[in-house]
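Q: My questions will all concern the structure given below.
The values are calculated or read from the model by the stated rules, or taken from the named source; none is laboratory data. The structure presented is a predicted model; accordingly, all values stated were derived computationally and were not measured. Cβ placement follows ideal geometry from the backbone for every residue including glycine, while neighbour counts extend to all protein chains displayed. For the accessible areas, the whole protein counts, side chains as well, though only heavy atoms, and no ligand, DNA or RNA atoms are used. Shrake-Rupley method; radii C 1.70, N 1.55, O 1.52, S 1.80 Å.
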Amino acid sequence: MPSLSHVEATARGALITVESYQVDLDVTGSDERFRSHTTISFRATPGAETFVEVSPARLRAVRLNGRDLDPGTLVDNRLALAGLAEANTLVVEAEMAYSNTGEGLHRFVDPADGETYLYATSFLDNAQRVFAAFDQPDLKAPVTLAVTAPAEWAVAANGELAANPRPGRWEFAPTAPLAPYLVTLIAGPWHVRRAEHDGVPLGLWCRRSLAEHLDADAEEILTVTRQCLDRFHELFAERYPFGKYDQAFVPEFNAGAMENPGLVTFRDDLVFRSAVTDTQREQRATTIAHEMAHMWFGDLVTMRWWDDLWLNESFAEYLGTRVTAEASRFGRAWTTFALRRKGWGYAADQRPSTHPVAPEEVADSALALLNFDGISYAKGASVLRQLVAWVGDEAFLAGLNAHFAAHRFGNATLADLLGALSAASGRDLSGWAGRWLRRAQVNTLRAEVAVDADGRYAQAAIVQTAPATHPVLRPHRIGVDRYDADGTVTRVEVDLDPDADGGRTVLAGLVGQPAARLLLPNAGDLTFAKIRLDPASADAVPLVLPTVTDPLARALLWGEALDAATDGERPVAGLVGLVDAALPGETEVVIVEDVLRSVRPLVDRYLDPLAREAALLRLAGAGERMLATAGAGGSRQLAAARALIDATTDVDLLTGWLAGRGVPDGLAVDTELRWSLLGRLVVLGAAGEAEIAAEAAADLSAAGAERAARCRAALPDPAAKAAAWEIVVRNTELSGRLVGAVAEGFWQPDQAELTGPYVARYFAEMPVAWPRRTAWVAESVAHLAFPRYAVAQPTRDLAAALLARDDLPAGLRRVVTDLDDDLRRALVARTAVAAAAA
Ligand SMILES: [Zn+2]
């Protein structure tokens, strides 16, 4: 279907004003389709022409101002509307298809008990799969929804339930004005927990088969919800604007969550059915806070067009992390942000597809979907944190509150927000925004020192550089910490001048002082920049790291080491040595988890098989030592166990744990850990289809089906690979999530010979597979199925040949361009390390 362009949206936005939607859905029919009846009231320039979007399985009838229109005039997803009056009423009756891709009205049959669940995702332009809509973010209108569904079901929507006139009929009150992409509902035999806080009714929803797990965590989820609500009410002058606040955990969801006003939908993997680490609990809390931040940023004030997507996501990410850190028990949320989220942002910003946080133009809604990446989220949030350091928190919040007041229930642009922040801070932000928001790529801040014969700094400076492709230096307000041998830590604050000669800012306060053991640039992590330690500091890391008491500083030191290895500046083997020496002593579980998560792809992609085997041994050894020192039960033990399972080749240990032998005290070998053990055994060739089938039979859940699919795709067996590939490139019957699980399991670094023929097949077959799927699923599968371990020039040649075609979908072009660039970096790093060793 053609995607709405910015030009079309602007033209339509000038012609019409939508006054209301009345949407009536009937989901009592077949398993394939539901009935949708939409009445739209809108005003228009008399005599004008425009179009409405609707993507039906069958369009039954259309009436505009009482006149019947021919349903046959629907072209793709657009219905032309001519001869408009000043006040118009459009009625569209259609049969719509349920989806299995998490878009539109998703229909899911729970394998655990056979119950059926529905939920709607209208984002990004999928409202038209549920009801006829002028599907653009700046045509907001109140939505009045009614649903006919089986009488024994429960139904919830954005608005409050107004009436239940008869069994099987739910009528909801009109909402506040909503952008079409924010309209949602859930229907099915949902389990619900209700509560209330500060006058706001709260609800938690999940499938019945997850009820016991939701109930076990309900107090924690509600506590976080209450704390966040209170904190947002302290920060913002405008109270929560959408009445009730329901949070539904829904199956086979694509993203982490979606900020539908009054009814946020979350992926139901966040209802934990097995033991999890505190990091996972923190991540759930941050997601809750992130979605709540959207109630103001995105929902109350909506971007005018998708080019200001960052106004939604950067703010939600910044405020979500901040409020989690300030209001919940997860006070170290900025440490998680530093390593995990910013790592995602740095990676995205260094790829060929990088774009400014606020691009000048996003031509259509299909291209907008590609910008939901580490730049719009993590870099944007990080840039906002830098802005707060620059203008001060009071001015920042005053600007936000003025922005909300000026545009409540309406739309706004970057210029509007900058105007409000400039007025509140008394500073002209145009130069700052030009460098930070309108220009792509990341700066490197390198500490440069010279020490004299007395051991004092003769020179000390931070040198800012930019890649040749994006030669822009930026103003940074940063801290620099000096770590001394006696354990003292001293911070100097410094403003880096973007126009300084050679990007060099002298640390005047340090010159003449005794040299520190280690200097850490960007201490406090206030800016978005790659950092490099001076050589003496880099050498001191193994010694200093265990003595650093601030977890955020440790995260930054680990981040620096990971980044230098990724860039090929230091060998991966050295990084693995640091992990082996220092990680078992790390007390912050999120650092343990994220360091291992980042080291592993480097081990799998940067090292030759022999070096890789040696590195895995060291990682397994580190896991073992962590496990030996971890207390019984708790996050640290679980993180250590997972680290050991992922790296070990000890089949006896793995089969023993599965059978309940030799399990460390306090470690629960529960459903998820069993799948991890089995997954590793499958890769090692020590378990097969029989074991997978037995495990799947014992776990009849949706998650169990995904784990089993991933295990089957990972089997070191030609027939299993052929079957898995067939699913990856052809299958549209399975849900998007299941196909993704197969793609995820397919490539294994240990199976180069077996999967060799599929490297070329990826490049030949993915363009054919792409159009069979919706954009979201196609992109996710193309990403997961990329031959990421085939780090070799022939793979790059195949990528180049594919990219030379001019008929590639934009999304596939972007996936291949970026992942090919990852191969390029891995090859460069391998060459650099080989040259250094020679
Ligand atoms: Zn968001």
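Q: Restricting attention to segment 260-270, report how many residues are within 16 Å of the ligand (Cβ to nearest atom) and open to solvent by 10 Å² or more (accessible area, probe 1.4 Å).
A: Counting residues in segment 260-270 that are within 16 Å of the ligand (Cβ to nearest atom) and open to solvent by 10 Å² or more (accessible area, probe 1.4 Å) gives 2.
Q: To continue, here is another question. L319 fails exactly one of the following numbered conditions: (1) within 16 Å of the ligand (Cβ to nearest atom); (2) modelled with pLDDT under 95. What is the number of that condition?
A: Unmet condition: (2).
Q: Between residues in segment 214-233 that are of a type in the set (A, V, I, L, M, F, W, C) and residues that are open to solvent by 60 Å² or more (accessible area, probe 1.4 Å), which pairs lie under 6 Å by C-beta distance while being six or more apart or on different chains?
A: A218/R193
Q: Which one of these is part of a loop (DSSP other than H, G, I, E, B), at pLDDT 95 or above, surrounded by fewer than 19 Cβ atoms within 10 Å (Cβ to Cβ) and among the charged types (D, E, K, R): D135, D125, D113?
A: Just a single option satisfies the conditions, and that option is D113.
Q: Look at segment 38-69 and say how many of its residues are under 35 Å from the mean Cα position of the chain (by Cα) and among the aromatic types (F, W, Y).
A: Within segment 38-69, residues that are under 35 Å from the mean Cα position of the chain (by Cα) and among the aromatic types (F, W, Y) number 1.
Q: Please enumerate the residues belonging to segment 628-647 that are surrounded by fewer than 23 Cβ atoms within 10 Å (Cβ to Cβ), under 25 Å from P601 (Cβ atoms) and under 30 Å from the mean Cα position of the chain (by Cα).
A: S635, R636, R642, I645, D646
Q: I need the full set of residues from segment 179-201 which are in contact with a helix residue (DSSP H, G or I) (Cβ under 6 Å, 6 or more places away or on another chain) and among the hydrophobic types (A, V, I, L, M, F, W, C), in order please.
A: Passing the criteria: V183, A195.
Residue-wise test of (1) surrounded by 24 or more Cβ atoms within 10 Å (Cβ to Cβ); (2) under 23 Å from L823 (Cα atoms); (3) at pLDDT 95 or above.
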| site | (1), (2), (3) |
| --- | --- |
| T549 | no, no, yes |
| L552 | no, no, yes |
| D594 | no, yes, yes |
| V599 | yes, yes, yes |
| R605 | no, yes, yes |
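Q: Checking D307 against (1) of a type in the set (D, E, K, R); (2) away from the ligand (no atom under 11 Å from the Cβ); (3) within 16 Å of L437 (Cβ to Cβ); (4) open to solvent by less than 10 Å² (accessible area, probe 1.4 Å), which test does it fail?
A: (4)
Q: May I ask you to verify whether V742 is in contact with a helix residue (DSSP H, G or I) (Cβ under 8 Å, 6 or more places away or on another chain) and either surrounded by fewer than 20 Cβ atoms within 10 Å (Cβ to Cβ) or in contact (Cβ under 8 Å) with a residue 40 or more places away in the chain (or both)?
A: Judged against the criteria, V742 is not a match.
Q: Specify which of the listed residues (A289, A293, A255) is of a type in the set (A, V, I, L, M), at pLDDT below 95 and within 12 Å of the ligand (Cβ to nearest atom).
A: After applying the criteria, what remains is A255.
Q: Of the conditions (1) away from the ligand (no atom under 15 Å from the Cβ); (2) in contact (Cβ under 8 Å) with a residue 12 or more places away in the chain, Q280 satisfies every one except a single condition; which number is it?
A: (2)
Q: When you check V362 against the structure, is it open to solvent by less than 10 Å² (accessible area, probe 1.4 Å), away from the ligand (no atom under 13 Å from the Cβ) and either outside any helix (DSSP H, G or I) or in contact (Cβ under 8 Å) with a residue 12 or more places away in the chain (or both), yes or no?
A: Judged against the criteria, V362 is a match.
Q: Starting from residues that are surrounded by fewer than 23 Cβ atoms within 10 Å (Cβ to Cβ) and either modelled with pLDDT under 95 or among the aliphatic types (A, V, I, L, M) (or both), keep the ones in segment 230-251 and report whichever is nearest to the ligand (Cβ to nearest atom).
A: Restricting to residues being surrounded by fewer than 23 Cβ atoms within 10 Å (Cβ to Cβ) and either modelled with pLDDT under 95 or among the aliphatic types (A, V, I, L, M) (or both), the top hit is L235.
Q: From the list T17, T28, which one is part of a loop (DSSP other than H, G, I, E, B), of a type in the set (V, I, T) and open to solvent by 70 Å² or more (accessible area, probe 1.4 Å)?
A: Testing whether each residue is part of a loop (DSSP other than H, G, I, E, B), of a type in the set (V, I, T) and open to solvent by 70 Å² or more (accessible area, probe 1.4 Å) leaves just T28.
Q: Which of the numbered conditions does A698 fail, given that it passes all the others? Conditions: (1) small (G, A, S); (2) without any contact (Cβ under 8 Å) to a residue 60 or more places away in the chain; (3) closer than 23 Å to A743 by Cα.
A: (3)
Q: Look through V92, V62 and report the one residue that is among the aliphatic types (A, V, I, L, M) and closer than 21 Å to E32 by Cα.
A: Answer to the selection: V92.
Q: Considering every residue within segment 316-332, establish whether at least one is touching a strand residue (DSSP E or B) at 6+ places or on another chain (Cβ under 7 Å) and within 18 Å of F123 (Cα to Cα).
A: Yes, because at least one residue in segment 316-332 is touching a strand residue (DSSP E or B) at 6+ places or on another chain (Cβ under 7 Å) and within 18 Å of F123 (Cα to Cα).
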